[in-house]
Every structure is written in structure tokens, then in C-alpha cells.
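Notes follow the structure.
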Amino acid sequence: MRIIDLRSDTITHPTPEMRDAMFRAEVGDDVFSEDPTVNRLEAMAAEMTGKEAAVFTPSGTMSNLIAVMSHTRHGDEIILGEKSHIFLNEAGGAAALGGVSLRTLPNNPDGTIDIDRIEGAVRGKNLHWPPSRLLCLENTHNFCGGAVLDVEYTTEAAEAARRHNLFVHLDGARLFNAAVALGVPASDLCQPVDSVCFCLSKGLSAPVGSVLCGSGEFIARTRKLRKMVGGGMRQAGVIAAAGIVCLETCVERLADDHRNAKALAEGLRQIPGLEVEKPQTNIVMIGTGEIPAADFVNKAGEAGVKMISVGTNRVRAVTHRMVTAEDIDEAVRRLKKAMAV
Ligand SMILES: Cc1ncc(COP(=O)(O)O)c(C=O)c1O
């Protein structure tokens, strides 16, 4: 039986074109900024996000960590959504290594945080309070089911932050999913924020890597921080080469993943007992109602469809380059059958 793996878009393998580019990559020592392929990837990323400069890192987690560290000082407070990846899924690095406290605010189902809540959370000048320094947004929003923040909201939130002298960092692990879904250039979504990182190794299918973009001064600081946390890589052009190919060839095709996610949601909605949210991008959130999420995931797994539970009765399915429209139809057929018995 062919396994249809919908656990995450991170499972995507590099394309043959990426492997070829990796094989041929021109390399140098990137800690000395001498790797021409990394330099090219960073220049491309800066241009695509409309920022002055960029730094290549091994992971989205490291990009977020060094962004937080670069914007803040020990003892500062950052404001972010309670469902944000930085808060939930990065092993507490911002606090443990960055030395900041995390002020979480409710995320609306669409991934936004209410503007008045952001402004209300900013600390005044009181001896007892940590200084508020940074607002973090996430686009698309993973735990809000791949929800897209549009340019208007991002601008409004960034303006609110700026009224209180906060910096704004965007965790854009799936930035290009948002740009493709909205039909706008990624740079429009990044223009309002001070820094943004995006992942190469999710829907874009590169094997490794993330790029953090911002002003020249900000990126210069993050280069030192990247070294501090062990992210200084040497002949990293071997992996950056795949990143260049994914930016050249895998962005527009994200629309296929979004179409497949919609088809999956529509198919699963026909299974009694499931509540399936309408996906905006490539992440489908499935409410399993009376059925414990772990049981649903087990049954699906036995039918050769892999998903993950993200709550007691909530399951996540993610579409990506390695599942086709036919695979989605087949997954729906198998799940209907599995849930009928
Ligand atoms: C929104 C978001 N931010 C950051 C990350 C971290 O990326 P990485 O797994 O490369 O550390 C992820 C990973 O899934 C994510 O979904």
C-alpha cells in the first residue's frame, strides 16, 4: 500500500534539480562570508522580501531565536500570540537562550492578535515592569491552520507596535504560501515589519535551511548571534544551492498544495462526526468530535494515511509537493472506509 504522508510539508525531499545544483555548487567558507552560493541565496532572499540584507541559517527555529536576540536585550519582554510557533514549539529558546520574557496574547482563529490587545499589553515605565521591546507575528499561522495575515492587518499591527517603540518580527516560515494565497509579492507582506524569516525546507522542498532578512545593521548583529548559537556553517553552499533552486522553481507551485488542501477538506467533510475547517493554504485542521484525535490518527495510519494530532480532538493534515491530487482522492477514499468501520 502506498503511504500518503500528510504529517507535514517538512517531509518533502529535494527535487532532482536541487540535487544537481547541490552537486555542482560553488563553495567557500561561509563563516568568512566567502561562499558564493550562500551569498547569492542571501541576496535573492533580501530582494524577494524587500529588505537590505539576509543571513542563511540551518532552521526556522534558529532564525527566530537570533531575530529575537538581535532586537532585544536580556530582561526585555516580547509580545506574541499564544498559538505562535516561537512560544509553543521552539523549546522555550527565546526565554532560555534569549533571556526575554514572553507575553502571550490570544490568537484569533485567523491568526491575528487584536490590535487593542497588543497596545494594551505594552508596559509603561514602571520600576517593576520589564520593558516591552518586540512584537512577533506569524504568517502563515501554523497552529491556526495555515491562516494568512494580509497586508492590511500586518500594516495595522506594525503601526500599533511602532506607536509604542516596539520592533516587529515576522515568523514567515510559510511566507510564500501566504503570498501565493493572496496573490501579492512576498515583499508587500514584509514591508511593514523590521525583520522576517522564511523556511526553505517546508513547502518549498529544500532539504535544509531558513533565511532571516532585515536591515543591514540588524543582519550584521544576527551574524554574530548565529555564530554564538552554533549556526556558523562552512561550505554551506552545498545546501544553499538547493535553496536557490527552490526559490526559482517551487514558489508558484504552492498553489497546487492549496488546491489539494481544499479538496482534502471537502472530502473529509463528508465523513460523519468530523468538523473540517476551510483551509486558506496547505494546512487542514480536522476536529474529530467524539473520536479522540489519537484514535483517528491511528485508524488513518492503518489505512496508510499519516497525519498528526495537535490536541485531544484536533488533527492536522498538510499538503505538499510529494502528494498529488490523485493521492488526496485516494486518502479521502481510504479515510471514509476506515471511519465507516
Ligand atoms: C511557523 C513556524 N515557525 C518556525 C518553524 C521552525 O522551523 P524549523 O523546523 O526549521 O526549525 C516552524 C516549523 O514547523 C513553523 O511552522
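The values are calculated or read from the model by the stated rules, or taken from the named source; none is laboratory data. These numbers were taken from a predicted model, which means no experiment stands behind them. With ideal geometry, Cβ positions are generated from the backbone for all residues, glycine too; neighbour counts draw on all protein chains shown. Note: accessible area is taken over every heavy atom of the protein model, side chains too, but ligands, DNA and RNA are not part of it. Shrake-Rupley method; radii C 1.70, N 1.55, O 1.52, S 1.80 Å.
Out of the range 189-217, which residues are open to solvent by 10 Å² or more (accessible area, probe 1.4 Å), touching a residue at least 60 places away in the same chain (Cβ under 8 Å) and in a helix (DSSP H, G or I)?
216 - this is the single residue of the range 189-217 that is open to solvent by 10 Å² or more (accessible area, probe 1.4 Å), touching a residue at least 60 places away in the same chain (Cβ under 8 Å) and in a helix (DSSP H, G or I).
Please give the helices (runs of 4 or more DSSP H) falling wholly within the range 1-73 in which 1 or more residues are of a type in the set (A, V, I, L, M) and under 30 Å from residue 96 (Cβ atoms).
Here the list reads 36-49, 60-71.
Assess whether residue 4 counts as being under 30 Å from residue 325 (Cα atoms), open to solvent by less than 20 Å² (accessible area, probe 1.4 Å) and away from the ligand (no atom under 16 Å from the Cβ).
Taking the combined requirement at face value, the residue satisfies it.
Does the range 74-88 hold any residues that are assigned to a loop (DSSP other than H, G, I, E, B) and among the charged types (D, E, K, R), and which are they? Can you show your working first?
Looking only at the range 74-88, we keep the residues that are assigned to a loop (DSSP other than H, G, I, E, B), and these are 74-76, 82-84.
Scanning the range 74-88 gives 76, 82, 83.
Take residue 73 and tell me if it is more than 30 Å from residue 32 (Cβ to Cβ), more than 17 Å from the chain's Cα centre (by Cα), away from the ligand (no atom under 16 Å from the Cβ) and assigned by the TED database to the domain that holds residue 197.
No.
Please name all residue pairs, on different chains or six or more residues apart, with Cβ atoms under 8 Å, provided the first residue is in the range 108-127 and is without any contact (Cβ under 8 Å) to a residue 24 or more places away in the chain and the second residue is among the aliphatic types (A, V, I, L, M) and surrounded by 14 or more Cβ atoms within 10 Å (Cβ to Cβ).
Going by the 8 Å Cβ cut-off, the qualifying pairs are 114/105; 117/105.
Determine, yes or no, whether residue 34 is over 24 Å from the mean Cα position of the chain (by Cα) and either buried (at least 17 other Cβ atoms within 10 Å of the Cβ) or modelled with pLDDT of 95 or more (or both).
Yes; evaluated as a whole, the condition is true for this residue.
Considering only residues that are within 14 Å of the ligand (Cβ to nearest atom) and buried (at least 24 other Cβ atoms within 10 Å of the Cβ), which ones fall in the range 218-241?
Of everything in the range 218-241, those that are within 14 Å of the ligand (Cβ to nearest atom) and buried (at least 24 other Cβ atoms within 10 Å of the Cβ) turn out to be 226, 239.
Go through the range 56-84 and report how many residues are under 18 Å from residue 168 (Cβ atoms) and open to solvent by less than 40 Å² (accessible area, probe 1.4 Å).
18
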